[in-house]
Amino acid sequence: MEIKSFKIPGESTKRQWAVYLFIATPRDKNEVIKLYVGKVGDNRDGCNPVISRIGNHFSYNKIHSQIRNKIEKTDEYDYEYFYCHFGEYEDNAQIRLESKQKINELERELNRKIQKQIFGDLKYILLNPYGGKYVTKTKKLSRNILSETEINILDKLIEKALSTNSYNGFGQEG
């Protein structure tokens, strides 16, 4: 029996709004790299730390386990999780509503950006592409709430995630 370990950065235990890009790299090089975009700070009351969300992705509870629901043999992949925080969770209802709207739009924008980035690249597949169903002009304008700085952060997250991830030994034992 081999002893395993992994490090958990302290920042991942903070109760803050965040978006993330989950990368599942198959050990079999003939398989595609699977990506998943998500957020913490769901549409209900609460906001869990990103470390909690990571664990839930592998839960046997189908409500929480989006990765396990989409990847049948999870043990045949190695995972990397890239995230950025976008502010403290607040108990004030009005601030919480505004933060929830912002994190929802950050998640949609990250999803759109990753789709554009990997379009035509056969080594990647996005497990949860945002469909961008029809939205009224009023609702679309209300979603125009991201700053240039926030959009740049999303670009940096994608750049770091995709440049860090490769088959060059990632996830390979030996």
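Quick notes on this one:
- Residue within region 71-85 that is at pLDDT 85 or above and farther than 24 Å from residue 27 by Cβ present: yes
- Considered as a group, the residues in region 103-123 that are over 11 Å from the mean Cα position of the chain (by Cα) and in contact (Cβ under 8 Å) with a residue 60 or more places away in the chain include one that is surrounded by the fewest Cβ atoms within 10 Å (Cβ to Cβ), and that residue is 122.
- Restricting the first member to region 88-99 and to residues that are over 14 Å from residue 18 (Cβ atoms), and the second to residues that are in a loop (DSSP other than H, G, I, E, B), the beta-carbon pairs closer than 6 Å and six or more apart or on different chains are 96/90.
- Here is the figure for region 118-138: residues that are modelled with pLDDT under 90 and in a loop (DSSP other than H, G, I, E, B) total 6.
- Summed over region 60-84, the residues that are polar (S, T, N, Q) and open to solvent by 50 Å² or more (accessible area, probe 1.4 Å) give a count of 2.
- Within region 85-102, being out of contact with any Asp or Glu (no Cβ under 9 Å at 6 or more places or on another chain) and crowded, with 17+ Cβ neighbours inside 10 Å holds for one residue alone: 89.
- Residue satisfying all of: in region 28-38; at pLDDT 95 or above and out of contact with any Phe, Trp or Tyr (no Cβ under 7 Å at 6 or more places or on another chain); farthest from residue 146 (Cα to Cα) among these: 34
- Hey, residue 145 open to solvent by less than 70 Å² (accessible area, probe 1.4 Å), at pLDDT 95 or above and not acidic (Asp, Glu) or not: no
- The lone exception for residue 57 - which of (1) open to solvent by less than 30 Å² (accessible area, probe 1.4 Å); (2) touching a residue at least 60 places away in the same chain (Cβ under 8 Å); (3) under 15 Å from the mean Cα position of the chain (by Cα) it fails: (2)
- Every pair of residues 6+ apart whose Cβ atoms lie under 7 Å, when the first sits in region 4-29 and is under 26 Å from residue 129 (Cα atoms) while the second is crowded, with 21+ Cβ neighbours inside 10 Å and of a type in the set (S, T, N, Q): 23/165; 25/165
- Applying the condition of being under 15 Å from residue 106 (Cα atoms) and touching a strand residue (DSSP E or B) at 6+ places or on another chain (Cβ under 8 Å) to region 23-46 and asking which residue is surrounded by the most Cβ atoms within 10 Å (Cβ to Cβ) yields 40.
- Scanning region 50-81 for residues that are closer than 25 Å to residue 11 by Cα and in contact with a Lys or Arg (Cβ under 6 Å, 6 or more places away or on another chain) yields one hit, 58.
The values are calculated or read from the model by the stated rules, or taken from the named source; none is laboratory data. What you see is a predicted model, and the numbers here were worked out from it, not measured in a lab. So basically every Cβ, Gly included, is an ideal-geometry build from the backbone, and we count neighbours across all protein chains shown. All accessible areas refer to the heavy atoms of the entire protein, side chains included, with ligands and DNA or RNA removed. Shrake-Rupley method; radii C 1.70, N 1.55, O 1.52, S 1.80 Å.
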